[in-house]
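*Asks:* I am attaching a structure below and will ask some questions about it afterwards.
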Amino acid sequence: MTRTRRDFLKTSAAVAAGTLVAGQRLSASGLIHSASDALPVDDPAIKALMQHAIDVAKSGGASYADVRVAARRQQNVNVRDRIVQGVSDVDTFGMGVRTLVDGAWGFAATSQLTRDSVAAIARAALDQAKANRASQLRPVVLAPTPGNQVGTWKSPITTDPFTIAVPDKVAVLLAATDAALKVKGIQTASASMFFLREEKSLMTSDGSYLVQTIYRTSPSMSVSAVSADRTDFQSIDSTDIAPMGLGYEHVLNAKLADRAPQYAEWAVEKLSAKPVEPGRYDLLLHPSNLWLTIHEVIAHPTELDRALGFEANYAGTSFVAPPDAVLGKLKYGTELMNIVGDREQPGSLGAIGWDDEAVKPTKFDIVKDGVFVDYQTTREQATLMADYYKKVGKPVRSYGCSYAQSWADVQFQRMPNVSLQPGRNDDTWESMIAKIDKGIAIYGDGSFSIDQQRYNGQFAGQVFWEIKGGKIVGMLKDVAYQFRTPNFWGSLKAIGGPRSYVLGGAFGDAKGQPGQSNSVSHGCVPSLFGQVNIINTGRRA
Amino acid sequence: MSLYAPVNILSRAEAQDIAQRALKNSPADETRVNITSSARADTRFALNQVTTSGENRDTNVTITAFVGNRSASVSTNRLDDASLAAAAQQANEIAKLVPPNPERMPELSQQSYPAARDRVISLPSPAERAAAAKLVTELARANDLIATGFIECRASAVALANSKGLFAYDASANVTMTATVRSPDGTGSGWACSDGTTFADIDAKQVAATAVEKAKTSRSPVAIEPGRYTTILEPTAVGNLVQLIAGAMQARAADEGRSFFSKAGGGNKIGLKVVDERVTLTTDPDDAPSTTGGFDGSGLPLEKVTWIENGVVKHLNYDRFWAQKQGVQPTRVGGGFGARSLRMLGGTSSIPEMIRDTERGILVTRFWYIRSVDPRTILNTGLTRDGTFLIENGKVTRAIKNFRFNESPIFFLNNLLAMGSTIRINASEALGAGGAIYMPPIKVRDFTFSSLSDAV
């Protein structure tokens with residue numbers, strides 16, 4: 001199935017000769033490869049087209065331009081019970097051009113990669129930027145990058161998932177659902193795998209040309225139990241298996257079939273679990289639950305675009321604002337709380353070599369000993385922080401948080417991996433349970449909701465256990481915890497040590513208009529919060 | 001020159017050409033080809049200026065190969081013969097490796113579709129969009145407020161063909177403009193939306209006026225106790241929650257005991273009254289937002305469906321397999337039911353009348369971050385946003401802090417007090433073009449607000 005550069009050139013020639021029936025504007029114009037493994041993004045002909053787009057942009061008045069070409073392949077395999085529901089393979093390829101003219105942005109993209117189309121979208125991006133100058137109150141200024149960077153980067157995978165035969169993948173999933181269905185009371189079980197490989201190249205008008213190959217893999221399953229009288233049903237989702245920036249080895253390591261009976265037994269047990277009594281409890285959150293809370297109440301509100309109001313119409317603003325009032329001053333939580341941003345963590349969903357503005361990211365502090373110290377930034381945003389950086393002796397540079405979900409979308413600020421650092425102790429999930437006299441432990445993530453400034457949160461989970469006298473005494477159901485963010489992190493009493501650190505993550509995190517999705521990991525340790533408000537969600541009328 | 005002059009989405013003839021080229025090279029027993037061609041133009045503004053704008057277009061072809069009861073799909077946006085043949089070949093190769101699906105339904109033969117409606121497919125230029133944005137930003141600046149917003153314009157064509165001679169095609173356009181205007185001190189926020197089929201439908205002045213007025217009147221909100229309140233929900237807020245019912249109306253889940261629509265002891269709730277008798281919910285392919293695709297994923301022509309009539313469940317969503325198994329007709333509603341053209345019939349009241357008749361209550365502009373809490377009751381949680389007001393003695397008296405709710409549309413549609421006229425709204429969370437549904441404003445009693453939020 002792999003097509004060679006010779007095939008590619010042959011097809012290009014055919015297009016040039018006008019042999020495609022539907023006409024040139026329908027053709028993918030020859031720069032085409034099959035839905036297979038030889039991605040042409042790093043091809044000299046593609047590079048020449050990118051340079052052409054840059055040249056058109058510069059000659060049209062752009063002070064800066066960047067061009068992204070991406071070839072993205074993703075595969076889904078889904079089974080329900082003992083039936084394969086679907087196998088799908090999606091392949092998309094195209095180019096996006098961003099221009100900056102007199103401090104105003106413009107963007108255009110196309111899947112038609114001919115010299116004419118590329119020039120047309122560069123001109124369209126210029127038109128956008130020029131039209132936008134009319135309302136410009138403050139021109140965009142970019143923080144510097146080294147420029148003239150050339151390099152490649154690839155996710156640290158062991159096995160390319162697209163090299164594994166579909167029957168092998170199906171067998172893994174059917175073994176998992178079969179194992180779950182053997183547990184009495186299970187009504188249905190589903191399992192799936194999702195794989196993504198994106199090869200993308202970025203060229204900037206300041207001389208950088210970077211090629212990256214990013215892999216992401218997500219195995220998952222869900223089981224549902226129905227009561228005999230059909231008045232109740234309960235499900236368990238495998239949210240403790242995080243998606244990762246890894247290859248097929250992540251599927252094998254997840255051992256779905258081994259875990260399935262446990263998920264099934266939990267679902268059945270939930271049918272007869274005790275409904276929680278609302279009130280205040282000491283709350284122990286497993287990393288498989290806490291990662292999502294960190295995502296919503298720390299990672300999102302410390303995005304600078306939210307703090308400044310850019311997301312006000314959709315994803316919201318932030319309580320971590322205004323910058324002058326909170327930087328180095330806001331007490332986010334107790335001194336146990338140390339949060340870092342990091343786009344280099346191996347195996348994480350956010351791992352990259354460079355962001356979508358050619359910035360090589362660094363690990364940086366967001367919350368230090370409980371105090372908020374910095375936002376996530378892009379090149380445009382970093383210059384807005386110049387006064388603060390000068391005051392505290394930091395360089396005015398982006399933290400490398402620019403990302404676009406595809407060639408068809410403009411890049412903007414997206415979060416890096418944002419993680420809670422382990423404590424300086426040897427505590428684990430089990431040892432922390434042993435220290436709780438009366439409380440609730442939550443495993444896995446469930447329903448989650450947060451307001452538009454990230455104050456009021458309501459989060460649930462997959463499995464809830466009642467703890468008494470240092471021991472789990474039974475399962476609870478209909479549990480959710482509600483909180484106000486600074487109070488919640490201000491109640492952080494204890495955290496686990498390095499060996500309890502787990503990387504959770506989200507495949508599809510939405511933000512921006514038009515909405516875009518990114519993938520990000522959050523590492524954390526089991527954490528104990530004192531006297532959190534627990535509600536019962538089992539309302540009947 | 002705009003990329004969208006002309007819009008350049010696929011015509012029927014162009015889609016037929018691609019479909020034929022994809023089908024002719026497919027080695028599978030049966031083959032289905034889905035084609036989506038789309039163009040998008042958008043402008044985003046924040047802090048009273050345009051921050052970015054973009055244009056893109058793309059065409060995707062999905063080839064599904066059926067080998068006996070085995071199937072697999074491959075999608076590509078490369079449209080030359082070689083790439084389509086490669087995709088068809090790959091789908092066939094994968095399909096051969098997949099275990100047979102006993103629930104697989106055979107492909108449909110040629111179907112009869114309503115005559116294509118005459119639609120104007122055009123998208124505005126960057127300058128036109130920037131000018132519309134400026135109407136909002138300038139009014140905000142004139143009132144010492146800060147405007148943020150988004151204009152999105154989409155044109156698309158979809159086509160479906162198969163190796164049994166079926167071909168279906170439809171094209172559409174959707175446009176939306178939303179704005180959130182905030183006070184510089186961060187204590188007030190107002191939101192407004194205008195949604196339509198073409199850019200001419202967008203009323204930017206009205207968006208500006210409404211969002212600015214709400215921002216001004218929502219400043220410095222006071223806290224009131226959470227609890228159960230008589231609540232007036234503007235149409236967007238109604239849509240935010242009522243559309244959640246649609247996602248729960250899957251017949252199979254109901255029949256298997258995994259849904260609110262499951263009946264205790266077995267079966268489902270078709271024929272049972274579940275909400276107030278004034279509630280009727282329908283979907284209709286003739287409603288404008290459903291214009292993309294007058295057919296479902298297998299090629300069945302869509303039809304008007306009444307889901308709940310006078311409070312009684314009339315229909316659940318049966319896919320072809322489950323319908324055959326249960327001995328009923330499949331529901332011709334298409335994929336994504338709930339996101340397209342859901343309509344709740346309205347009443348004779350109006351928001352001013354509802355306010356006038358309220359001794360003490362709450363007025364809600366819209367909801368945010370709505371997530372399922374308990375599928376057994378369609379209980380969801382979420383928050384009010386961008387304009388929440390206290391009503392006292394028949395008047396809106398002050399802005400109040402936002403609330404988190406824990407509610408089910410099933411519960412509050414049983415507590416219905418009044419309904420106004422149904423209008424087209426955009427109730428999707430991301431507020432993109434094409435998310436429109438039709439909802440009335442309603443007044444309900446005992447809406448459950450469970451906690452306060454400090455967010456503005």
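*Asks:* Can you name the residue in segment A:106-121 that is in contact with a Ser or Thr (Cβ under 7 Å, 6 or more places away or on another chain), open to solvent by less than 10 Å² (accessible area, probe 1.4 Å) and touching a residue at least 24 places away in the same chain (Cβ under 8 Å) and is also nearest to the other protein chains (Cβ to nearest Cβ) among such residues?
*Replies:* A:F107
*Asks:* Hey, among the residues in segment A:365-382 that are open to solvent by 10 Å² or more (accessible area, probe 1.4 Å) and out of contact with any Ser or Thr (no Cβ under 6 Å at 6 or more places or on another chain), which one's nearest to A:T158 (Cα to Cα)?
*Replies:* Per the stated criteria, the residue is A:D365.
*Asks:* Sticking with this structure for a sec: Quick one: would you say B:V120 is more than 24 Å from B:I400 (Cα to Cα), open to solvent by 20 Å² or more (accessible area, probe 1.4 Å), at pLDDT below 95 and among the β-branched types (V, I, T)?
*Replies:* Against the criterion (more than 24 Å from B:I400 (Cα to Cα), open to solvent by 20 Å² or more (accessible area, probe 1.4 Å), at pLDDT below 95 and among the β-branched types (V, I, T)), B:V120 qualifies.
*Asks:* Additional query: Pairs under 6 Å by beta carbon, first residue without any contact (Cβ under 8 Å) to a residue 12 or more places away in the chain in segment A:220-247, partner surrounded by 22 or more Cβ atoms within 10 Å (Cβ to Cβ) and outside any strand (DSSP E or B), six or more apart or different chains?
*Replies:* As it stands, the answer is A:R230/B:G257, since those pairs meet every condition given.
Condition check ((1) within 22 Å of the chain's Cα centre (by Cα); (2) open to solvent by 10 Å² or more (accessible area, probe 1.4 Å); (3) away from every other protein chain (no Cβ under 14 Å)) across all residues:
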{"site": "A:E296", "(1), (2), (3)": "yes, no, no"}
{"site": "A:A307", "(1), (2), (3)": "yes, yes, no"}
{"site": "A:A321", "(1), (2), (3)": "no, yes, no"}
{"site": "A:A325", "(1), (2), (3)": "no, yes, no"}
{"site": "A:G328", "(1), (2), (3)": "no, yes, yes"}
{"site": "A:G333", "(1), (2), (3)": "no, no, yes"}
{"site": "A:G341", "(1), (2), (3)": "yes, no, yes"}
{"site": "A:G347", "(1), (2), (3)": "yes, no, yes"}
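*Asks:* Would you pick out the residues in segment B:164-179 that are open to solvent by 40 Å² or more (accessible area, probe 1.4 Å) and in contact with a Lys or Arg (Cβ under 8 Å, 6 or more places away or on another chain)?
*Replies:* Result: B:Y169, single match.
*Asks:* Still on this structure, I have one more. Can you find, within segment B:245-288, the residue that is nearest to the chain's Cα centre (by Cα) among those that are in a helix (DSSP H, G or I) and at pLDDT 95 or above?
*Replies:* B:I245
*Asks:* Exactly one condition in (1) assigned to a loop (DSSP other than H, G, I, E, B); (2) β-branched (V, I, T); (3) at pLDDT 95 or above is false for B:V7; which is it?
*Replies:* Condition not satisfied by B:V7: (3).
*Asks:* Do you know which residues across segment B:205-234 are open to solvent by less than 30 Å² (accessible area, probe 1.4 Å), in a helix (DSSP H, G or I) and touching a helix residue (DSSP H, G or I) at 6+ places or on another chain (Cβ under 9 Å)?
*Replies:* Passing the criteria: B:V207, B:A208, B:A211, B:V212, B:A215.
*Asks:* Among (1) over 25 Å from the mean Cα position of the chain (by Cα); (2) in a loop (DSSP other than H, G, I, E, B); (3) under 22 Å from A:F194 (Cβ atoms), where does A:A260 come up short?
*Replies:* Condition (2) is where A:A260 drops out.
*Asks:* Of everything in segment B:68-78 that's of a type outside the set (G, A, S) and open to solvent by 10 Å² or more (accessible area, probe 1.4 Å), which residue is farthest from the other protein chains (Cβ to nearest Cβ)?
*Replies:* Among those residues, the one meeting the criterion is B:N69.
*Asks:* Further question on the same structure: Name the one entry in A:R133, A:R72, A:R98 that is charged (D, E, K, R) and either open to solvent by 50 Å² or more (accessible area, probe 1.4 Å) or assigned to a loop (DSSP other than H, G, I, E, B) (or both).
*Replies:* Residue meeting the stated conditions: A:R133.
*Asks:* Starting from residues that are under 20 Å from the mean Cα position of the chain (by Cα) and open to solvent by less than 30 Å² (accessible area, probe 1.4 Å), keep the ones in segment B:371-384 and report whichever is farthest from A:Q482 (Cα to Cα).
*Replies:* Only one residue fits best here, namely B:I378.
*Asks:* Among the candidates A:T159, A:T92, A:T188, single out the residue that is under 25 Å from A:G247 (Cβ atoms) and out of contact with any Phe, Trp or Tyr (no Cβ under 7 Å at 6 or more places or on another chain).
*Replies:* A:T92
*Asks:* Grab the strands (runs of 3 or more DSSP E) fully contained in segment A:150-238, keeping just those with 3 or more residues being crowded, with 19+ Cβ neighbours inside 10 Å and touching a Lys or Arg at 6+ places or on another chain (Cβ under 9 Å).
*Replies:* A:186-204, A:209-226, A:233-237
*Asks:* What pairs can you find where one residue is in segment A:128-141 and without any contact (Cβ under 8 Å) to a residue 60 or more places away in the chain and of a type in the set (S, T, Y), the other is part of a helix (DSSP H, G or I) and open to solvent by less than 80 Å² (accessible area, probe 1.4 Å), and their Cβ atoms are less than 8 Å apart, with a gap of 6+ or different chains?
*Replies:* Short answer, once both residue conditions are applied: A:S135/B:A130; A:S135/B:A133; A:S135/B:K134; A:S135/B:T137.
*Asks:* Restricting to segment B:385-423, what's the tally of residues that are buried (at least 21 other Cβ atoms within 10 Å of the Cβ), of a type outside the set (A, V, I, L, M) and more than 14 Å from chain A (Cβ to nearest Cβ)?
*Replies:* 2
*Asks:* In addition: Quick test for you: out of A:A441, A:A434, pick the one residue that is without any contact (Cβ under 8 Å) to a residue 40 or more places away in the chain and closer than 24 Å to A:Y263 by Cα.
*Replies:* Selected residue: A:A434, the only one of A:A441, A:A434 that is without any contact (Cβ under 8 Å) to a residue 40 or more places away in the chain and closer than 24 Å to A:Y263 by Cα.
*Asks:* Give segment B:299-348 a look and list any residue that's closer than 29 Å to B:T31 by Cα, at pLDDT 95 or above and among the β-branched types (V, I, T), or say none.
*Replies:* B:V328
*Asks:* How many of the residues making up segment A:484-525 are under 21 Å from the mean Cα position of the chain (by Cα) and closer than 23 Å to A:E344 by Cα?
*Replies:* Qualifying residue count for the region: 21.
*Asks:* Working carefully through the options B:R129, B:R182, B:R141, find the one that is open to solvent by 40 Å² or more (accessible area, probe 1.4 Å), touching a residue at least 40 places away in the same chain (Cβ under 8 Å) and within 13 Å of chain A (Cβ to nearest Cβ).
*Replies:* Among B:R129, B:R182, B:R141, only B:R141 is open to solvent by 40 Å² or more (accessible area, probe 1.4 Å), touching a residue at least 40 places away in the same chain (Cβ under 8 Å) and within 13 Å of chain A (Cβ to nearest Cβ).
*Asks:* Of these, B:L47, B:L10, B:L97, which one is closer than 30 Å to B:P124 by Cα, facing chain A (nearest Cβ under 10 Å) and open to solvent by 40 Å² or more (accessible area, probe 1.4 Å)?
*Replies:* B:L47
*Asks:* With respect to B:A65, determine if the residue is assigned to a strand (DSSP E or B), more than 7 Å from every other protein chain (Cβ to nearest Cβ), open to solvent by less than 30 Å² (accessible area, probe 1.4 Å) and modelled with pLDDT under 95.
*Replies:* Answer is no for this residue.
*Asks:* Continuing with this model, one more query. I'd like to know if segment A:388-401 contains one or more residues that are assigned to a strand (DSSP E or B) and open to solvent by less than 40 Å² (accessible area, probe 1.4 Å).
*Replies:* The answer is no; no qualifying residue exists.
This table checks each residue for (1) away from chain B (no Cβ under 14 Å); (2) open to solvent by less than 10 Å² (accessible area, probe 1.4 Å); (3) of a type in the set (D, E).
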{"residue": "A:W429", "(1), (2), (3)": "yes, no, no"}
{"residue": "A:I433", "(1), (2), (3)": "yes, no, no"}
{"residue": "A:S447", "(1), (2), (3)": "no, no, no"}
{"residue": "A:G470", "(1), (2), (3)": "yes, no, no"}
{"residue": "A:G497", "(1), (2), (3)": "yes, yes, no"}
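The values are calculated or read from the model by the stated rules, or taken from the named source; none is laboratory data. Nothing here was measured: the structure is a model prediction, and the numbers come from that model. For neighbour counting, all protein chains shown are included, and Cβ atoms are generated from backbone atoms with ideal geometry for every residue, glycine included. Protein only, heavy atoms only, side chains kept; ligands, DNA and RNA dropped before computing areas. Shrake-Rupley method; radii C 1.70, N 1.55, O 1.52, S 1.80 Å.
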